[in-house]
Amino acid sequence: MAEGARTSGDSGRGMTSGRAGGSLFIDVLAWVFMTLSGLAALLSAAWLIALSAHGPAAAPPAVGEPFLEPMRAILLLCLVHLRRLCAASTGLAAVTFACALGLLFRWNWARLCFIGLMVFKWAQGLALIALLFFFPDFARAFLMLSPAVGVEGERMLVLIPVTLLVMAFLTLYAWVAAKLVSKPVRREFVEV
């Protein structure tokens, strides 16, 4: 019988991968996150190198419109800490890549770390939603919405679509975390 094929005793609950006893879910999850985090790490590292070559950040230009004034403060904050943000992004992408690689090898520490990353992503998504709802000037300034848009327009253009998109990703992260703590998946991983 070919490696990776279903056996007669297989319950049919999950597909098997090319690795004996490994699930296709873990393989696909690992490869997707290795690809995405690898690209993110390369992009963040390139930004970090480019920023390091240019010396200290300059103050952002005047924004001109009074309703965009909160954006000037956000730009200044980002410019001052842009190197740190890029370094943190590169580090997070590298950790995600290492965890995804560990998932591919079925190491238990990688599964636990990946669950931690999903929890971190949850916190990040909830923080974004809180920022948009509790600091409406942030959303208005970040998206450069004119005051003429109004509260109802802002809600339709920003709050509802962004909240739905973030909630979709949070649901995906929760599903991945739930699969990683399930008994069949836990059995695939070895203690290292």
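The values are calculated or read from the model by the stated rules, or taken from the named source; none is laboratory data. Please read these numbers as outputs of a predicted model, since none were measured by experiment. Neighbour counts are summed over all protein chains in view; Cβ atoms, including those assigned to glycine, are modelled from backbone coordinates with ideal geometry.
Within region 16-42, the set of residues being at pLDDT below 85 and assigned to a helix (DSSP H, G or I) is empty. Residues in region 106-150 that are in contact with a Leu (Cβ under 8 Å, 6 or more places away or on another chain), at pLDDT below 75 and surrounded by fewer than 18 Cβ atoms within 10 Å (Cβ to Cβ): 138, 143, 144, 149. Scanning region 168-189 for residues that are touching a residue at least 60 places away in the same chain (Cβ under 8 Å) and either out of contact with any strand residue (DSSP E or B) (no Cβ under 8 Å at 6 or more places or on another chain) or loosely packed, with under 11 Cβ neighbours inside 10 Å (or both) gives 176, 177, 179, 180, 181, 186. If you go through region 97-132 and keep only what is free of Cβ contacts under 8 Å to residues at least 12 places away in the same chain, over 27 Å from residue 190 (Cα atoms) and under 14 Å from the mean Cα position of the chain (by Cα), you end up with 123, 124, 127.
Of the candidates 79, 51, the single residue that is modelled with pLDDT under 90, touching a Pro at 6+ places or on another chain (Cβ under 7 Å) and assigned to a helix (DSSP H, G or I) is 79. The conditions of being at pLDDT 85 or above and part of a helix (DSSP H, G or I) are met by residue 87.
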